[in-house]
Amino acid sequence: MGAEANCTARFNGKTTKGKARLETDTLEFRGPDVRVSIPFKQIRSVAARRGALAIDSDRGTLSLVLGDAAEKWALKIQHPPTRLEKIGVKAEWRVSAIGVDDEPFLNEIGESVAELAVGRVLDKSDAIFFGATRDAELGRLAKLVPSLEPNGALWVIRPKGRPEITERAVMAAGKAAGLVDVKVVSFSATHTAEKFVIPVKNRPR
């Protein structure tokens, strides 16, 4: 989602001004006196009234004065995008999955695209999903790029918060492969996915 707003917040008795951010699965607020991040799964209720968004969660009650955006944020929290919607999957896609052991995801995407290859790389893939658990595996990215459609995407799926593979290493590997990073999504409760594409100036005309 990535929506942001400078607003006034009240959280557990404290009122302050700061920045609220609505991510795909969390609501965050940062201010001088209040810093809170609330996963959607912890939210018990959400309501928008008179320009204020009220969130009741395991962390307490958070109220954000968002004006006209309050109702839109409430709807996004109540109806978050699915994993495939975050990725932007299209029915006509040819997809390759390498090192991905998330069976529910493979089943989901296999039912949603024209062709899925697991464990091998399709020529002219619209999307390649590469699962990695260690920095050393990232050297393979450069070998995958020639199999991408010019406007295709290479997604690196990695465990969250693991020292064996870091965000910095993933970004460096993507850059070394001639790609640019354009998006990060929470792939699951345990994994993050970074999206890389071929720079427009380097795509065949």
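Nothing in this text is a laboratory measurement; each read-out follows from the coordinates by a stated rule. Just so it is clear, the structure is predicted and the values come from calculations on it, not from any experiment. All Cβ positions, even for glycine, are placed from backbone atoms using ideal geometry, and neighbour counts span all protein chains on display.
Some observations on this one:
- Listed options for Cα Rg over 2.2 N^0.38 Å are (i) 1.68; (ii) 1.00; (iii) 1.17. The value calculated from this structure is the one marked (iii).
- Cross-link table 72/160; 17/195; 76/195; 17/72; 41/90, entries beyond 24 Å C-alpha to C-alpha: 72/160; 17/195; 41/90
- Dipole of the chain, positive end: most advanced residue of 100, 173, 61 [Cβ charges, Cα centre]: 61
- Of the GluC sites (Glu not before Pro) found in the stretch 62-121, those that fall in a DSSP loop while having at most 13 other beta-carbon atoms within 10 Å are 92, 111.
- Remark: spin-label model distance residue 121-residue 202 equals 1.4 nm, labels positioned 7 Å along the Cα→Cβ axis.
- Over the chain, Cα pairs under 8 Å with separation of 6+ residues give a relative contact order of 12 percent.
- Each Cα pair under 8 Å and six or more residues apart adds its separation to the average, and for the stretch 3-78 the resulting relative contact order is 26 percent.
- Ellipticity estimate at 222 nm from DSSP helix runs (n ≥ 4, -39,500 (n - 2.57)) divided over the chain, nearest 500: -4500 deg cm²/dmol
- For the stretch 3-78, fraction of C-alpha pairs farther apart than 22 Å, in %: 7 percent
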